[in-house]
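Computed from the coordinates by the stated procedures, all read-outs in this text should not be read as laboratory data. In this text, all values refer to a predicted model and were calculated from it rather than measured experimentally. So basically every Cβ, Gly included, is an ideal-geometry build from the backbone, and we count neighbours across all protein chains shown.
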Amino acid sequence: MKPIAILLLLTLTCVQANAMEAVVFNGTHASAENKLIAMTVAGIVNREQPRLYLLNVYETWSYNQTDASWQAIYEEEGGVAFNEITEINELVQHFIDDLNGAITYDPSLTYGNFEGQVFRWQGELAMMLGGLTDCIPLPYADQHIDIDRPDSISVPDHFHGQSPITVSARLEESDHSWNDPALSQKERYLLGLDWALEHLLPRSNPEKFYLREITDWAVNQRMFQLNLAGTETLNFYSLPDEKAEKIEQVMSYMLDYNPDEIFHVYGWMRPEPLVQWISGWGGSFHETLLSNLSWHHVFPADEDFDYSRPAVEEAEALMLEDKHYVIFIASEGDAGNWVTGFQAGAWHSSARGEVPVGWGFNLHMFEQFPFLAQYYYETATPMDGFISVTSPLGYAFADMFPENILPDAISQSSALLEKFQIPTVYAYKHYNGAGVSTYRGIEISNNYDFDKLGQFAEATGTDLTFLFDPALQTQQTYTEYGGLLYNHVDDHTFYADVTDLDAAADRIISKLKNNTTPNFLLAGYQRFRQDGFQVGPNNPADITLPRLQTLMNKVQADPEIGNQVRFVTPEAFQALLKKSLETTSAPDLSKRETGKLSVFMSRDHNGYIRLELPAAKNIQLEVFDLSGRLMIQESWEMQTAEEHIVLPLQNLPGGMYVLRARGENTVLHEKFIK
């Protein structure tokens, strides 16, 4: 019997001897109002031990079998005996001794920050208040649920020792400012938030808050919650100042109580580039638009669990050969619905264990939900490599953190990498079409500050940071910034189109041919999906493991180089790459020559370039747009150490670009606007 199977059998035997009873609420046909109640009850009763599991109340969008699959795992491996409840009043009565009554609200009041979003804003305020007072949110006209409906409620302070305050428990009453019918729904919701910021924020969790649709996790951790967003997905100026100011008020509250520590934000950030804004304040973000995190957080796990896994052991035994080492990495690993959702169902693939891959994970979520982490480690095969995305702290940018936050960020990150024995990180920063912009005093860039990123990697003990950045050369190892950085960009490997497997295989083969070995290639940063998932023009970067296996077979069937190709895990890629740098005559990038590069636009739309280097050499001039796409490529043979070059740019559309001058021991970059 395999060691993994033995471990699972022992775990199952132990937990069955001490079977745990719990309730599962089946919300498949529940109303939106009743789902808010169910999530609130779960958040309240799951604080000390797992008592209420939610089925189909707030399912992950990427894999609609997430709740049912975890329920089966908790039954079979966690030893839980579930008692199913489908009727909401029965659920409330089952836990009535844990509840202090109801916060009533008007369920007809809805608002949306952007087209397609609709949420019961007064219901979410009631649910946040319920998290602080152990009350459920209840539509004011609901007479079905038998529970006390007080006029007011005492709000305790669980964090700072302040005296309780008394607030209204009837949010629908006409004398509240937010119930003025002459105001728009937006104005009314923002007034409700102003009231909550004044009265509830000082008694909310000072280490974490929730942004967007509320869940049991926000209730469980007594977080302050705001459902604010911009109107567009990438334009960060679409989040107006009146909303941004309220988010900043919450972030200021975090820093007032923990001035030198990372704080955490859960939910979702729209527009996504503003995750950098949050990092600039000292926060780390986690996509968690899903339920049951209160259950996963408190379910018993082995405190002495050994987070070793077969991929690490396999990598340690590898010898460097004259081969092409190729890796595929699963994207979305920073997102909670991928961590809790079995990597969009791909973890349950029939082909898992047959193909070497790198699974991305949010290590902060592993720390917060250890039973989930232990499940992945217990069921991992030698082919299942693990990688941290986007940083060990989650969806965060180390080069953005304030200086006073860095020591805590480094300490937490290194502890997470060591605990979970993950030596590699995948980092990406883009989504700013203007290159560099300032949003409310925070600089948001399309590129990393490589010195800061490398120094953070080195300080945290990260062996290798994969990254996607248009300012660095693709498929290149960089050592001069501190930690080892490996970039891939503008070569059809970031969310590559894999709808046509023959074309994808030919693309990979063409990148490998004519390269001396040992050679390394990050062939794809893809979204892995469950077996049978339909891939087409709307999701060309999605791939199932059986299709990935077919793609790998096609590459290895190439008559010229197929037998030289080895697909590997991140652990093996890192170990072999390190050996290649130690044993080959590769150039020492830490001794890269310095120089100056500048570009000026003329009225005739030519680029006038000034290039200064210690000595003349052959130079490749390349112009990229901010997505990393190569627009212009010219070769230039320098006659002197200082050259003035005219580069025709008439055919470039207006916008921001990156000019790169590349030659032996030289890579220089300069941004310009046409």
(request) Of the options Phe466, Leu190, Ile645, report the single residue whose Cα projects farthest towards the positive end of the charge dipole of the chain (beta-carbon charges: Lys, Arg +1; Asp, Glu -1). (result) Ile645
(request) Express in whole angstrom the spacing between the alpha-carbon centres of the range 299-318 and the range 327-370. (result) 15 Å
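Rank the residues Leu522, Leu393 as a footprinting-exposure proxy: fewest other Cβ atoms within 10 Å of their Cβ go first.
Ranked by crowding around the Cβ, least crowded first: Leu522, Leu393.
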(message) To check you understand DSSP bridge types, tell me what percent of the beta bridges within the range 425-490 (both residues inside) are antiparallel, rounded to 5.
(response) 50 percent
(request) Towards the positive end of the charge dipole of the range 3-298, with charges on Cβ (+1 Lys, Arg; -1 Asp, Glu), say which of Thr133, Leu293, Ile103 has the farthest Cα. (result) Leu293
(message) Nearest 10 degrees is fine. How inclined is helix 370-379 to the longest principal axis of the chain, computing both from alpha carbons?
(response) 50 degrees
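Given charges of +1 on the Cβ of Lys and Arg and -1 on the Cβ of Asp and Glu, with all other atoms neutral, how large is the dipole of the range 3-298 about its Cα centre, in debye to the nearest 20?
On the way: 15 positive and 42 negative charges, 64 e Å.
Rounded to the nearest 20 debye, it is 300 debye.
Just for the chain, what percent of DSSP beta bridges are antiparallel, to the closest 5?
Details: 48 of 107 bridges.
In the chain, approximately 45 percent of DSSP beta bridges are antiparallel ones.
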(message) For the range 53-194, take every pair of Cα atoms, bin their distances at 10 Å starting from 0, and report each bin as a whole percent.
(response) 10, 30, 32, 23, 5, 0
(message) Using only Cα atoms and rounding to the nearest 10 degrees, what angle (0 to 90) does helix 66-76 make with the longest principal axis of the chain?
(response) 70 degrees
(message) What would the Debye equation give as log₁₀ I(q)/I(0) for the range 291-363 at q = 0.12, 0.28 Å⁻¹, counting only Cα atoms as equal point scatterers?
(response) -0.49, -1.35
(request) Rank the residues Lys208, Lys429 as a footprinting-exposure proxy: fewest other Cβ atoms within 10 Å of their Cβ go first. (result) Lys208, Lys429
(request) Over the range 3-298, calculate the relative contact order: mean separation of alpha carbon pairs under 8 Å at least 6 apart, over the residue count, as a percent. (result) 19 percent
(message) I'd like the distance separating the alpha-carbon centroids of the range 266-292 and the range 476-497, in whole Å.
(response) 24 Å
(request) Could you work out the Rg to Rh ratio of the range 310-583, with Rh taken as the Kirkwood radius (inverse of the mean 1/r over all Cα pairs)? (result) 0.95
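For the range 592-673, give the magnitude of the charge dipole about the Cα centre (Cβ charges: +1 Lys/Arg, -1 Asp/Glu; no others), in debye to the nearest 20. The partial results should precede the final answer.
Values: 9 positive and 11 negative charges, 48 e Å.
It works out to roughly 240 debye.
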(request) Take every Cα-Cα distance within the range 592-673, group them into 5 Å bins from 0 onward, and report for each bin the whole-number percent of pairs it holds. (result) 3, 14, 30, 26, 16, 8, 2
(message) Over 28 Å between Cα atoms: which of Lys429/Lys617; Lys419/Lys579; Lys208/Lys578 fall into that group?
(response) Lys429/Lys617; Lys208/Lys578
(message) Restricted to Cα positions, what overall size does the range 125-265 have along the principal axes? Three whole-Å values, descending.
(response) 43, 39, 24
(message) Using just the Cα positions, wrap the range 3-298 in a convex hull and report its mean projected area in square nanometres, one decimal place.
(response) 17.0 nm²
(request) Please report Met601, Met269 as a ranked list, fewest other C-beta atoms within 10 angstrom at the top and most at the bottom. (result) Met601, Met269
(message) Can you tell me the orientation of helix 121-133 relative to the chain, as the angle in degrees between its alpha-carbon axis and the longest Cα principal axis, to the nearest 10?
(response) 80 degrees
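With viscosity set to 0.890 mPa s at 25 °C, what whole-number translational diffusion coefficient in µm²/s follows for the range 202-317 from Stokes-Einstein and a Kirkwood radius over Cα pairs?
On the way: Rh = 15.9 Å.
Reported coefficient: 154 µm²/s.
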(request) Quick one: divide the alpha-carbon radius of gyration of the chain by 2.2 N^0.38 Å and tell me what you get. (result) 1.03
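Kindly work out what percent of the DSSP beta bridges joining two residues of the range 3-298 are antiparallel, to the nearest 5. Spell out each step's value before the answer.
Details: 5 of 32 bridges.
Looking only at bridges with both residues in the range 3-298, the antiparallel portion is about 15 percent.
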(message) Counting each pair of different Cα atoms once, what's the Kirkwood radius of the range 425-583 in Å, rounded to one decimal?
(response) 17.3 Å
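If you place +1 on the Cβ of every Lys and Arg, -1 on the Cβ of every Asp and Glu, and leave all else neutral, what size is the dipole of the chain about its Cα centre, to the nearest 20 Debye?
Details: 44 positive and 92 negative charges, 342 e Å.
Roughly 1640 debye for the chain.
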(message) What percent of all Cα-Cα pairs in the range 519-564 falls into each 5 Å bin, going from 0 up to the bin containing the maximum distance?
(response) 5, 18, 24, 23, 14, 10, 5
(request) May I ask for the distance between the Cα centers of the range 56-99 and the range 393-420, given as a whole number of Å? (result) 34 Å
